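Here is the structure we will look at, set down as structure tokens.
The values are calculated or read from the model by the stated rules, or taken from the named source; none is laboratory data. All values derive from a computational prediction rather than experimental measurement. FYI the Cβ positions are ideal-geometry reconstructions off the backbone, even for glycines, and counts take in every protein chain you see. Side chains are part of the model used for accessible areas, which takes the heavy atoms of the whole protein and leaves out ligands, DNA and RNA. Shrake-Rupley method; radii C 1.70, N 1.55, O 1.52, S 1.80 Å.
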Amino acid sequence: MQEIGEVNAVTVPVGLGERAYDILIGPGLIARAGTEIAGRLPGTRAAIVTDENVAAVHLDTFQAALAAAGIESVAVRLKPGERSKSFESLERTVDAILEAKLERRDAVIALGGGVVGDLAGFAAGVVRRGMNFVQVPTSLLAQVDSSVGGKTGINTPRGKNLVGVFYQPRLVLADTEVLDTLPLREFRAGYAEVAKYGLINRPDFFAWLEANWEEIFSGGAARTEAIAECCRAKAEIVEKDERETGDRALLNLGHTFGHALEAATGYDGARLVHGEAVAVGMVLAHKFSARMNLASPDDSARVEAHLSAVGLPTRPNQIPGGLADAATLLSFIAQDKKVTRGALTFILTRGIGQSFIAKDVPGSEVLAFLEDVLRQ
Ligand code: GLY
């Protein structure tokens, strides 16, 4: 633990050469944001990109913290939700940055969840060919995944995240106390991505989560440590493969099945949110690995037991409203970007914390598996 003033925060460095940056994780960082940002970007002004929900709870405190450190700011408030990852919101954001006459050395600050971070990062990456960018993630999912690693972008009617750039922030401030205001369902959904890091390559972390998840939900040191460990895990992968030509794809564990389930529900968040889809998808990836004799069924049972204990769905038949048949799910998988010439790419596993990229998974095996799963 490193002391930052009176606040205990953990620092996780992301080692990307001249684009290296720190992730600070701990309670009270929103109130200290001005000092932390001014210390790294002296003389900066800022455009804060946020959404209406986050603005209602955190924007005043955040702007006051910036002002106390001498940072002038303007705020862009987006409508909450995935629809804001659009050309229209990008145009509005870019225009607000230019109207405030911000320069390349000034900062675009994302104050919000994954949608805000992806859109603000894209704006920061393209306005004046690249301004400073700071992430202040306010959801668990954004703190452990989307705010770290530099993926930015928007959706188009042809698909999600199809337009964007890799653009790393200069600093990430993950205030663990802001998670207290999240609805339980959203916190749980983010927790699926926490468990994912244990399942990818950190078996000891997964065992620690099994023992400590209740403390992570209630806050305090265990929450800070869990988020820091996820950021270390993600930083390690991003340092090796920033642009996803290899191992970064491991971060998609559970996402191929998960995206198909999200598509089958028409991305209706009332039925299934992304993290819940990832939870079901991770259980399916482990069950499918057992069916292919790669891993023991005991491992998939263990994954299912843990995710179920925290209250996440683990089986497709727990998704309300009825699902498409196996062939339709397979067609959603085949449309996913992980397909190369008919062979399906999945993240499979040899056991807890032993995930790997499997490039030649036969569609017929996946279809038979999904038929069995949907019957259960
Ligand atoms: N969320 C997956 C990645 O950053 O690569």
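Between the residues 332, 192, 181, the greatest Cα displacement towards the positive end of the dipole of the chain, with unit charges on the Cβ of Lys, Arg, Asp and Glu, is found for 332.
Principal axis extents of the C-alpha atoms in region 223-376 (largest first, rounded to whole Å): 39, 37, 31. Computed on region 77-176, with alpha-carbon pairs under 8 angstrom and 6+ residues apart, the relative contact order is 26 percent.
Taking the chain as the reference, fit the longest principal axis to its C-alpha atoms, fit the long axis of helix 87-99 to the helix C-alpha atoms, and give the angle between the two in degrees, 0 to 90, nearest 10. Once rounded, the angle reads 20 degrees.
This model, with +1 at the C-beta of Lys and Arg and -1 at the C-beta of Asp and Glu, gives region 98-241 a dipole about its Cα centre of some 820 debye.
Quick check on packing: order 104-110, 347-353, 67-73 by the mean number of other C-beta atoms within 10 Å, highest mean leading.
Most protected by this proxy first, the peptides run 104-110, 347-353, 67-73.
Reported to two decimal places, what Rg/Rh ratio describes region 288-359 when computed on Cα atoms with Rh from the Kirkwood expression? With Rg and the Kirkwood Rh in hand, the quotient comes to 1.00.
The order of the peptides 87-94, 242-249 by mean Cβ neighbours within 10 Å, most packed first, is 87-94, 242-249.
Evaluated with a Cβ-only charge set (Lys, Arg +1; Asp, Glu -1), region 1-95 carries a dipole of roughly 120 debye about its Cα centre, given to the nearest 20. The eigenvalues of the Cα gyration tensor, multiplied by 5 and square-rooted, give region 1-95 an equivalent ellipsoid with semi-axes of 25, 17, 15 Å from largest to smallest.
The accessible surface of the chain, taken with every protein chain in place and a 1.4 Å probe, is 49 percent carbon and sulfur.
Centre-to-centre separation between the Cα atoms of region 117-164 and those of region 228-300: 20 Å. Per residue, the chain exposes an accessible area of 42 Å² to a 1.4 Å probe, with every protein chain left in place.
Annotation: residue 19 carries an accessible surface of approximately 110 Å², with a 1.4 Å probe and no ligand, DNA or RNA atoms counted.
Relative to the globular-protein estimate of 2.2 N^0.38 Å, the Cα radius of gyration of the chain stands at 0.97. Taken about its Cα centre, the chain carries a charge dipole of about 1000 debye when Lys and Arg each add +1 at the Cβ and Asp and Glu each add -1 at the Cβ. Relative contact order of region 1-123: 25 percent, from C-alpha pairs under 8 Å at least 6 residues apart in sequence.
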